[in-house]
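One structure is given below, encoded as C-alpha cells.
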Amino acid sequence: MGEFRHGSVYNEKTMRNKTAILTAFLMTASCIRVLAGPPVGLMTDLVEHSDRVWKNGMLLQTMVDDVGLKWENVQCALIRSRFPRFSWVVNDDRNDVMQTAWRVQLGTSLSCLEYGTPDVWDSGMRTGSGSVSVPYGGTALEPDTIYFWRVMTWNNGEPQPWSRIKAFRTAEELSEYETPSYPLTKETQPELLPRLKDCDSLILADFGKDAFGQLELTLSSFREDTLTISLGECLKDGRIDRSPGGARRFLRQTLTVLPGRHSYGIAVPSNRGNTGRSAVKMPCCIGEVMPFRYCEIEGDDLNYRNIRICRQTVQYPFDDSSSAFSCSDTVLQKVWNLCAHSVKATSFAGLYVDGDRERIPYEGDAVINQLSHYCADREYTLARRSHEHLILHATWPTEWVLLSVRMAWLDYLYTGDDRSLRQFYDVLKAKTLTGLCGPDGFLNTSPDNQSREFKESIHLTFGDRLIDLVDWPAGERDGFVMTERNAVVNAYFYQALDLMSRISSALGKEEDASMFAGRAKKLKRAFNREFLDKGTGIYRDGAATKHSSLHANLFPLAFGLVESRDLNTVAAFVKLRGMACSVYGAQFLLEALFDSGEADYALGLVASESERSWYNMIRSGSTITTEVWDNRFKPNQDWNHAWGSAPGNIVPRKLMGVEPLEPGFAKMRIRPQPGSLPEASLRLPTIRGEVRVSFWNDCGRFVLDICTPANTVADVCLPLKENAGRVRLTLNGREITEYVHENGFLKIHDVGSGKKTFNLEYF
C-alpha cells in the first residue's frame, strides 16, 4: 500500500486517472439516464392522474393511497372497469428505438411491488411493442379497492428500470368496461393586469382572459358596509358592459362586508337558459359558474386595506404546458393562442357543451372540440365521455348524428383503445343512418321515413325527428337550396359508411367491413352521377336544383368524394366562395383545402383579418372562440363556443402535418404544408409521448426538424415547390435517395424515432 501514500508522485497520478475515469463514467451514466430511462406517463384506462385527489375542485397534496378508503368531501378519478387497460410512454431519446418487450406488475400494496412480490398480477416478460391500451390479464378487480402498478420495458432489447409505482382506486360498482372521468378542478387566478380604475368609489379588475368560474374577495374593513360587485365579459366606455347583448354574461350582486379581514365568495345564480332538461348540470361540490373576464367593485368609500381579488376558474384537468406553437405570422399566432385557451376554458362542464347559453352537448360541437383537445393536451377521457354521451343522447341534425361515427374512429386513432368501439358497435352501425337509405342508395330523411323504431335505434333524445341542417346558423348556408335529396347530407353519409367500414375491419368484423365499403363505393358513383353538373364541373345543392353553394362542394372535397379529374374545378369554386360558411363549417372547409393542396389559400383564411375570421373574434374583445363570426350574424350568440376552435387542430394536423396513421400513434404522418409561411414550430402531445416539428421555408430550401417519441415510426413528407427542378435531400447531413414522389411531396417511409433534420435544397 506504500505506493499509494499521500504525496507520492505515483499516488497523485493514479488518483488523477481514477478521478478522470470516475468522472467520465458518471457523465456517461448521466447521459444514459437522460437518453433512456424508466417508462413515464402511466395511464390506467386513459387516466394519467389516477393517484391524485381533489377536494371540491382544489388539488390536494395528499395522494389516493394516503387517503385510503376513508373519504370526506374528496374526489378522484375512479376506475370503473374490472379489466382495465394500461398505457405508458417509452422513455428513450435515442434514435430509432422500439420497445421490444414489457412487464407489468399489479398489487394491493406499495410494499409488495417494492419487494417484487405482486399479489394480484405479474405479466412476466412479454415480447412486443404494445405500450398503449395493454389489457390487464389477471382476475377481475375488486370494487372500492386501491391498487398499485408499475411497468418496465426493454428498448431495442435492452432492459430499462421499473417505472414509478402508480396507484388507482376502483369504483364501488364495476363493469366490463366504462370510461372513467376526472372530477372538475379549480385554479385560483389573481387579477393579471393593473386595475383599470382604482379610486375611492370604483375598482375595475381584469383577469386577462375570459373563463368560467367564481369570484373570491379578501379584504379588511373597519365597519360593516355594502359593496356592489359586477362580473362581465365585455367592456364599454371603460366600464363593464351592463347590456352586452346576445348570450354574453353580466352579473350584478350586493355584498355585505363585515368588520375585520374576511374572504367572500360571490354567488353565481343558476340561469334558466342553461339548466334545462338537456343541459349538463354543475356538480354540487363545484357550484354554479359563469364566464367572465372583468370584475367591478363599487362602494361609497373603498378605503379598504389589501383588497385581494381572485377568480377561481373551473375546468377539466388541463396541462397548459402539453402543447405549444410559434410561427412568424403574428395573426396566426394570436389565432392559435385563442383556440388553445378555448379548449381549456370550455371544459368547465365535464362534457363538451355548446357554450354557456344552453350547455347542451351536440355532435357538431363535440367533434371539433375533440380534435382541438387532442392537439392541446394529453387527455382523452373528456372526449370519449362526450362522444359516448352523444351516442346515447343523439341530437336532431341529420349530419351530426352521422358525425358520431367519425368521433368513434378519431377516438380509436388517437387512443389505440378499441373497447368503446366494441361496446357501442351496434349503435354506431345504426348511426350510419342506413335505416333511412332508399333503393337509389341516397338518404331519405322525410318524416314518414323515420319510424319510432329507427329513432330508438339511434337514441334520438333531443328533437322529434332528424332534420337536415347543412350549416348553422341558417344564414351561413351560402344560399343552399334544400331538396329532398341533397348533396351535403349524402356527403356526410358517404363519410360515415367509409369510416364504419374501417371500424368494422379494426374489430375483425370483415363481413360488415365489406358491406359498408361496398355501400360507400356505390354511393360515391351515384353521388357524382346525381349531383355533379357536367357542364360546370361543380356540385349542385341537390338533384332538384341547379344552384351550387360552397357547402355542396366543400363537403365532397373534404370527405373524398371528388374524382381526380374534377379536383381542380371543385377546389377553384370553393376558393371563389371564400369563407361563406359558419365557424363550424370552417373546420371542414379548411380540411378540404389542405387535403386538395391549397395550403396557402387555407392559411390565408386562418390568418385573415376580415369580418369573417378568428382575428375578428379577438378584435371584438373575445378571448374564447365565439359562436359566429360576428354579433350581427347571430344576435343571441355567446363568446365561449369551442366549435369555433378549428385552427386549434388544423394548425397541428394540416399546417404542421402531424396525424396518426395507425391507432394510438404507433405510426404517424408528418406532412407539413407551409404555403408561403417562412417558419413555424410545434410541440404536440400524443398518447405515446411528445412530438416536435419545426420548419424553415424559403425559396431555395426547406428544412424540417422533427423529434418523435420512442416506439413510433413516421412517414415523413416534404413539400415540393411548384415546378421544382433538381433537388437534393439530406437526413442529418447525409444525402438520401430513398424517397418517392407523392402528390407534390417527397415521401420517406418508416422513419424511426428521435431527432431528425431533413434539408431539401433546390437547384
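What follows draws every value from the coordinates through simple rules; no lab data is involved. Bear in mind the structure is a predicted one, so any value in this text is a computation, not a measurement. Ideal geometry is used to build each Cβ from the backbone, glycine not excepted, and the neighbour counts take in all protein chains shown.
Please work out the Cα center distance from segment 484-499 to segment 710-738, rounded to the nearest Å.
Here the two parts' Cα centres lie 37 Å apart.
Can you give me the distance in nm between label points at Lys522 and His393, each placed 7 Å from the Cα along the Cα-to-Cβ direction?
Between Lys522 and His393, the simple spin-label model gives 3.6 nm.
In percent, how large is the relative contact order of segment 527-681, given Cα pairs closer than 8 Å and 6 or more residues apart? Show your work: numbers first, answer last.
Numbers: 205 pairs, mean separation 22.9, N = 155.
Relative contact order for segment 527-681 comes out at 15 percent.
Could you tell me the relative contact order of the chain? Use alpha-carbon pairs under 8 Å, at least six residues apart, and round to a whole percent.
12 percent.
Could you rank the peptides 258-270, 473-485, 285-297 by their average count of other C-beta atoms within 10 Å per residue, with the highest value first?
285-297, 473-485, 258-270
Helix-only estimate, please: 222 nm mean residue ellipticity of the chain, summing -39500 (n - 2.57) across DSSP H runs of length 4 or more and dividing by its residues, to the nearest 500.
The helix-only estimate for the chain comes to -8500 deg cm²/dmol at 222 nm.
So how strong a dipole does the chain carry about its Cα centre when Lys and Arg Cβ are +1 and Asp and Glu Cβ are -1, to the nearest 20 debye?
Magnitude of the dipole: close to 900 debye.
Could you point to the residue in Thr228, Phe454, Ala324 farthest towards the positive end of the chain's charge dipole, with +1 and -1 charges on the Cβ of Lys/Arg and Asp/Glu respectively?
Selected residue: Ala324.
So what is the relative contact order of segment 40-175, in percent, for Cα pairs below 8 Å that sit 6 or more residues apart?
30 percent
Among Thr254, Leu677, Ala171, which residue has its Cα positioned farthest towards the positive end of the charge dipole of the chain, with +1 placed on the Cβ of Lys and Arg, -1 on the Cβ of Asp and Glu, and the dipole taken about the Cα centre?
Leu677
Express in nm, to one decimal, how much length is gained between Ser220 and Ser620 on full extension, taking 0.36 nm for each residue of separation and deducting their alpha carbon distance.
Answer, rounded to one decimal: 140.3 nm.
So, in Å, what gap is there between the alpha-carbon centers of segment 384-459 and segment 619-678?
So the separation of the two Cα centres works out to 24 Å.
At a 10 angstrom cut-off on C-beta neighbours, averaged per residue, how do the peptides 376-389, 409-422, 569-582 rank from highest to lowest?
Output ranking for 376-389, 409-422, 569-582: 376-389, 409-422, 569-582.
Spelling out what I want: for every residue of segment 414-422, take phi, set θ = phi - 60°, compute 6.51 cos²θ - 1.76 cosθ + 1.60 (Karplus), and round to whole Hz; glycine and proline get x.
Running phi through 6.51 cos²θ - 1.76 cosθ + 1.60 with θ = phi - 60° gives 7, 9, x, 9, 9, 5, 5, 4, 5 Hz.
Could you tell me which residue out of Cys699, Thr737, Ala714 lies farthest along the dipole of segment 668-762 toward its positive end? Charges go on the beta carbon: Lys and Arg +1, Asp and Glu -1, centred on the Cα centre.
Among Cys699, Thr737, Ala714, the one farthest towards the positive end of the dipole of segment 668-762 is Ala714.
Taking the highest mean first, how do the peptides 151-160, 53-62 order by number of other beta carbon atoms within 10 angstrom per residue? Intermediate results must be reported in sequence, preceding the final value.
Details: 151-160: 17.7, 53-62: 15.9.
In decreasing order of mean packing, 151-160, 53-62 become 151-160, 53-62.
Label points 7 Å out from Cα along the Cβ direction at Phe763 and Ser326: separation in nm?
That separation, rounded to one decimal, is 3.5 nm.
At 7 Å along the Cα-to-beta-carbon direction for both Asp698 and Glu158, put a label point, then send me their distance in nm to one decimal.
Calculated label separation equals 3.8 nm.
Placing unit charges on C-beta atoms (Lys and Arg positive, Asp and Glu negative, everything else neutral), compute the dipole magnitude of segment 40-175 about its Cα centre in debye, rounded to 20.
So the dipole magnitude of segment 40-175 works out to roughly 120 debye.
Can you pull the Kirkwood radius for the chain, inverse mean 1/r over Cα pairs, to one decimal in Å?
Across the chain, the inverse of the average 1/r is 28.5 Å.
Can you pick out the pairs among Lys186/Lys209; Lys654/Lys755; Lys431/Lys509; Lys654/Lys747; Lys344/Lys654; Lys281/Lys429 whose Cα atoms lie more than 26 Å from each other?
Lys281/Lys429
Excluding same-chain residues fewer than 8 positions from Lys546, which lysines have a Cα within less than 27 Å of its Cα?
Partners within reach: Lys521, Lys522, Lys524, Lys534, Lys575.
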